[in-house]
Every structure is written in structure tokens, then in C-alpha cells.
1. Return the only residue of Phe458, Phe486 being assigned to a strand (DSSP E or B) and free of Cβ contacts under 8 Å to residues at least 60 places away in the same chain.
2. Can you pull out the residues in the range 147-157 that are touching a Lys or Arg at 6+ places or on another chain (Cβ under 8 Å), open to solvent by 30 Å² or more (accessible area, probe 1.4 Å) and in a strand (DSSP E or B)?
3. Looking at (1) open to solvent by 40 Å² or more (accessible area, probe 1.4 Å); (2) closer than 30 Å to Ala371 by Cβ, which one does Val503 not meet, given that it meets all the others?
4. Would a scan of the range 13-32 turn up a residue that is more than 29 Å from Ser116 (Cβ to Cβ) and touching a His at 6+ places or on another chain (Cβ under 6 Å)?
5. Going through the range 428-466 one residue at a time, which ones are closer than 30 Å to Arg354 by Cα and open to solvent by less than 70 Å² (accessible area, probe 1.4 Å)?
6. What are the pairs with Cβ atoms under 8 angstrom where one residue, in the range 511-533, is farther than 21 Å from Tyr501 by Cα and the other, located anywhere, is acidic (Asp, Glu) and open to solvent by 40 Å² or more (accessible area, probe 1.4 Å)? Sequence gap at least six, or different chains.
7. Taking the range 382-409, which residues are open to solvent by 20 Å² or more (accessible area, probe 1.4 Å), of a type in the set (A, V, I, L, M) and touching a residue at least 60 places away in the same chain (Cβ under 8 Å)?
8. Can you tell me which of Ser562, Ser588 is in a strand (DSSP E or B) and touching a residue at least 40 places away in the same chain (Cβ under 8 Å)?
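The values are calculated or read from the model by the stated rules, or taken from the named source; none is laboratory data. The structure presented is a predicted model; accordingly, all values stated were derived computationally and were not measured. Here Cβ is always computed from backbone atoms with ideal geometry, including for glycine, and neighbour counts include all displayed protein chains. SASA here: full protein model, heavy atoms, side chains in, ligands and nucleic acids out. Shrake-Rupley method; radii C 1.70, N 1.55, O 1.52, S 1.80 Å.
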Amino acid sequence: LFGPRINVSIDGVTLVPGGPNWMDPPMHYAPPIVLSRIDVDRGLSPVSEGPGLAGGAHAVFKRVDFSATPEFAAAYDLSAQVQSVNDSYNIGGVAGVANDRWRINVIGSYDKGQNSSFAGGEIAASGFERSLYGISGGYAAGNQEFGVDYRHYDTDATGNPPFAMDIEFFNTDMLHATHRISLTAVELETSASYTEVKHAMNNYTLRPAPTDMTRWRRAEAGTRTVAAGFKLHIGADDSRISVGGDVQRGESDVWIRNPNNVAFYLNSLPDISTRRWGVFGQLNQELGVWRAEIGTRIDFHDMRSDMASVGAAVPAGPRMLMTAFNSGVRDWDDTTVDILARVFSTADAPLRWRMTLGRKQRVPTHVERFAWLPTEASAGLADGNTYVGQHDLAAETAYVAEAGFDWAGARAYARPTVFYRRIDDYIQGIAFDTTPGVVDSMVEMVSAMNGDFTPLRFANVDARLYGFDMDFGLQIADRWLLDGIFTYVRGRRTDVEDNLYRVTPTRLRLGSTYDAERWAVTLEGILSAAQRKVSATNGERETGGYGVLNLYASWSPNQRLSLVGGVENLLDKRYSEHLAGYNRVTGSDVAVGARLPGAGRGVFLRLNLTSD
């Protein structure tokens, strides 16, 4: 479960990525060097956080917060990092002033890196460049608080080896305003946001340009997202009712061009508008030594596409597909219902149980529904397949059961969870028709013109996901700690005899740390099992297991200064993660069509300086 199935927010903002292939997934807009933390909803997100089929990740940015006195005081949190594996550097942070009523800070970051190296060579067209700048302010008076944030992002030429094209640019503006008022046993939160993304990508700037100039491609894309919502909380912590509503509207558009021929263009995703508005209710109630969270939300969705167009130089095949799309149904609406019940123990005891039952839904993206031209746009799969959408896709519906406990002893802890998900109408690429490899339809003919004789179409299938995960730790001695994370997940299709596509293999991350008062050293091992249970439907390739060692050290001479460094992939192991994409760039040390390898041995050093 990844991408649009995950409920992701960037400092309170949800947005539609600008790239149809998710070259800018939401976390692209959260540079780590300016993050305060990432809050994770394990298992399922509360209904109050919005729709989403699985858990959530909420990036929280650094900022200068209100102080306790009326005098203004300056504050800052600055970081810088260098890394050898791609000759990269990152600088950024926040600086501002605040008192008990006013706060204001500027925020900024800059990241730049060259091609990444691995054990055996260099990954061509993998360099990057990204900058962020913005301002954040707030006012607090009595029981009210106002806040406003503005950020601008510039991503310049950045390689994407698993894609057919590289990033030429992303220009993104993000504006977010909030208001909170607290009365006796009542709290009201409101928010509104606006995001605009402008994007271009091409196949001739960072990678070797096609020798045939008719194969040059430049895609222009853009999105706008407007969102607003409110949450009303009534009651105290031991008994609290929350109700609210939210609305989100997005607009997306994609043009594919040949810069050498103005008559060659295709409006592959033409002026698509999406709207969603939803309401929710949630109860948090203490019941003796237990606490229950019960909630439901209803969301109303609609999506519409304008008419597609192509240029005079476009061949007859795409023109026929465009005509069929324009004469077909280009609007859709649906209603989704999410239900969540979670119970966990609150007793002050070493063992605390937790159980979750839920029903969660996700509607198809505009790419999954309205992609009329077979392209590699797939919201981030980067697998080299061409896809087309399907208008009548049903919403995914997941029925979820989870159970686990949190145990903490004098010298050890463990937090295991077992989970089961039945997902009806799971959306996955399947063969376009019943005769894959036989080019007997216009979609297959157009796809074959671009080198893929077996295009896929997004379709509803039935799926099962079940597994086990756990984080754990053991205090070996006074200053020695062993901790780790273990994950196992199994994904199967139940409508046919096949495995689900792109399921992570079993994985163990284990670290041994010596923690002194002002410094610490960690030796970490990452072990990944082979993944043999792959999707035959999607032509997925198996991967072997691997092990990687990392060494980290940190030093904090005082509360204001910290220095962190390390060596990742200490033994310079060559390996490939199962979810990595396949190389599409010629002239690289990675063969075209081979799975991209993980980063080789690299040294990094990070400095952090704060005013606290």
C-alpha cells in the first residue's frame, strides 16, 4: 500500500502531485533538513484525518514558536550536511523572533547532488537540485490562535533513471492558513490551503537524447489543489466527541510535445477536475482501563475530464483513441464510507493491548480512470509498462483487522502487530485484453509503436494482505542498547491464482548502540529476504536477498550543537531493493532494463545548531 493509498499531509496540507508519474510525491515537498518530525498513523488513520486506505504520514516543519513572555526573542535551528555517495550537500533551517503573542520566521533549504555511485559504477542521470524558501507567522490572543505559512519550491534539472523522462523543473507554491479557538470543553479548528504545481520533464537534457529527433519528448503538466476544513471537539480527554467536514478540489492537465515539431502534441490528461467533500464523526471514550476510538466518515466524489486534442503531426492511431475518448463518458461520481473502531488499554501496566477493526475506501486517481493514451504514467510505479485507464473503476474497499500489544519491561520493550486486509476492487494493472502479446487493438498498436507490445489497463481485482510487524529493544548493559524493526507481509490476488504486484520482502533492521552522555555509536544491519512471490500478471521480476551494514556516530558537546556522521553500506555491498525501478538511461554503468542498485559505500556528516 503506497502512493495515493496513504494519507499524507505536508505541514497540514494535502495536495495532488504535479507529475502524472508522481515524480513529486507529497514527501518531495518535505526536505528532511527542515523537518521537525514525521507523525505516523500506524495501521489505519483516524477518520478525522481524511480519507485513505491505510495509515498516514504527516510531515511537521520546524518553526519558531510562541514564547512565554511579552519580550521578543530570536531563535533559530540550522543544519548542514555533506554526503560522499553522490557528492551532495544540503543546507537549511529556520530563523525568526517570537513572544507570547506574535511569532514569525523564515524557512529555507537547498539540496544539490551529482550522480549516485554504487558498488561497480555510477547511476547516470541521478543528480538532483531542489530549493525551498518561505515564511511562517502566527498571532495568539486569549483563547484564539491564527497561523499562516507560505512556501515556494524550485526543483531544477533532476534525473529519474527508472522513468522515460527526467525532471526539467517543478515550480510549486503552497499557502496554508489556520485558526483555533478554545472555550470551556469546546475547541474549534479551521484551515484552508492552496497549492499550485507547474512541471516539465523531457528525455534529452540529462540523458543522451534520442538520435531520431522525432522521438524527442517534452511533457508539461500542472495541478492546482484547494482545500478547506473544520474540526469541532466537544468534551474532555476522557470523553470527547469530534465532528467536522472538509472539501478538496483539484485540477490537472498534461501535454506531451516534440520540441522539434510544433505540430506534434497530445493532451493526454485534458483539464481534469476532481472534487471531494466529506463529513465525519468520532468518539473517544474511556471505559475503565480501556479507551475506545469509534468513528465514521462519508465522502462525496466527482471527477470530470475535458475533451482531449492532438496535433496535426500525430499519427492516426492516437488520433483514433482520442476520438473514442472524447465520444465516451468523461464524468463520474461516487460516495465512499469509512468506519473505524479501535480499542486499547490505558492501565499503567507493562502490557497494553490494542485492537482495530475498520472499513476504508479509496477512489481511483484521474490517471487510473481517464488515461486514454497508453503511456508510462502510473502514479509512481516506474516499471516500464504502458498503462491506460478505465472509466468505470469501482472504489477500493478494505476490510481490516489488527491486533497487538505494547510491552515494556525494566530492560526491554516490544510492540508487535498482526494484521489482515481484504481489499475488494483493488486497483492494479492487468493485461489490456484476453490475448496479451497479440497486437489486435488500437491501444496495443499505439503502445507497440512505443516499444511495449503488452500494455496494461487499470482494473479492479480482489486482494488479500496479511502479515506481522514489530519494533523491539533490549538494554544489554548500562549503556548498550539493541533495537530493531521486523516486517513481514504477504500479498495475494484472490480473483485469480497470482501474487499481488510490488510487495515488500521480509525485512529486519537491527542496531546495536553504545550511548554515553554526550556521544553515541551505532552499528546497524539491514537484512532483506529474497522476494520470490511476484506477480506473473505484471511480469514482475524476482529479487535476491541481501545484507547491508551501516555505522553511525553522534556527538553533542552542549544543547545547542550536535554533530552526526556515519558510513552507510560499510562493506560496499551491491544490492537492489525489490521496489526499486528499472534503468531507462543509456550510457550508464547500469544496463538498460536492469533493476537499479542501491547506493554504494558513502560517508556523510551533518551539523545542527539551535538557539535553545
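1. Selected residue: Phe486, the only one of Phe458, Phe486 that is assigned to a strand (DSSP E or B) and free of Cβ contacts under 8 Å to residues at least 60 places away in the same chain.
2. Correct list: Asp154 only.
3. It is condition (1) that Val503 fails.
4. yes
5. Residues satisfying the conditions are Asp462, Ala463, Arg464, Leu465.
6. Gly511/Asp483; Thr513/Asp483
7. Ala394
8. Ser562
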